[in-house]
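Working notes, structure below.
The values are calculated or read from the model by the stated rules, or taken from the named source; none is laboratory data. Source: prediction; values computed, not measured. Reconstructed Cβ throughout: ideal geometry from the backbone, glycine too, with neighbour counts over all protein chains shown.
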Amino acid sequence: MKKWIFFIFPLVIISFFAYEYIEFAEAPRTLLAVENDQVYRGELLLVSRDFSISEQGLPNDIVMLGDYKSMAPELWVPDTSIRISRNLLQNLGLMLKEAKKDRVDHFMINSAYRNLDTQAQLYKEMGSEYALPAGHSEHNLGLSVDIGSTDGSMDTAPEGRWLEQNAWKYGFILRYPKNKREVTGIQYEPWHFRFVGFPHSAIMHKENWVLEEYLAYLREHRQYKTTVQGIKYEITYYEMVEGLEVPVIPERPYYISGDNMSGVIVTVER
Ligand SMILES: [Zn+2]
């Protein structure tokens, strides 16, 4: 064997580990101060029978759907007075445009944002079996939408099937799946989609988690690392304390959301 091999071989090994080290080592971080009320703001808020929305969690980008219909031209709007978050509508529009490419385009919208008074009225009319009290519905957050199909019921229509398989790619999740009633406390709702943003929707889809399970995982394990569509994400949970500071990577995108319980989730793109 040639002598040079004894030099080259260790060099290759060292280079490999050096690359891995640089790739995965802690990139330089700066500390970011997080306000206490961040716990109650953001796209990962858990709102349920047990956790109600806080004043800080109320959306501030609600518009009349009739005025902004052009943002989701694929959507049939039976009631133009439906109110919706502009951000949600924009993401919904992007998703439905993709569905149309797959020739699935008979979508209709039944409900999006509801204010607390409307929710209270609904609860009074429908009762606790079919509605949630004011402040306990995701519709009060402005992050959920009830989508229907003009081709029949969502559990069998192509629109329902398509969304169940693809919504995660656009930041949405089927919030109350069939086999998760014990976890969510809500029966299967093939029409109710919740916006949680990317990459959270991708993680929940991959792990087959509903929001309750995802947040429980983060609280227990503190961190989840993943690579989605070539981008590395680091998702870290922090218990809220006075004067909380969280590390982020300078000049890299980051997102912060509360869990509406006791902490915040910091998502850093590597
Ligand atoms: Zn709903």
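Tabulated data
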quantity: Residue that is more than 30 Å from P253 (Cα to Cα) and among the hydrophobic types (A, V, I, L, M, F, W, C), where the choices are W191, W168; calculated: W191
quantity: Scan of segment 70-89 for residues that are surrounded by 14 or more Cβ atoms within 10 Å (Cβ to Cβ) and in a helix (DSSP H, G or I), ordered by number; calculated: M71, R86, N87, L88, L89
quantity: Selection count where residues are in a helix (DSSP H, G or I) and of a type in the set (D, E), scope segment 90-120; calculated: 2
quantity: Selection from segment 133-176 of residues that are more than 15 Å from the ligand (Cβ to nearest atom), in a loop (DSSP other than H, G, I, E, B) and buried (at least 21 other Cβ atoms within 10 Å of the Cβ); calculated: G171
quantity: Residue satisfying condition, being assigned by TED's automatic domain parsing to the domain that holds D67, under 21 Å from L58 (Cα atoms), among the β-branched types (V, I, T) and under 21 Å from the mean Cα position of the chain (by Cα), within set V183, V145; calculated: V145
quantity: Selected residue (criterion: modelled with the lowest pLDDT) from residues of segment 81-122 that are hydrophobic (A, V, I, L, M, F, W, C) and closer than 13 Å to L141 by Cβ; calculated: L116
quantity: Qualifying residue in segment 67-75 (condition: over 14 Å from L163 (Cα atoms) and touching a residue at least 60 places away in the same chain (Cβ under 8 Å)); calculated: no
quantity: Which listed residue is without any contact (Cβ under 8 Å) to a residue 12 or more places away in the chain and either acidic (D, E) or not in a loop (DSSP other than H, G, I, E, B) (or both), from Y130, Y123; calculated: Y123
quantity: Those residues of segment 92-114 which are over 19 Å from W168 (Cβ atoms) and over 21 Å from the mean Cα position of the chain (by Cα), in sequence order; calculated: R103, D105, H106, M108
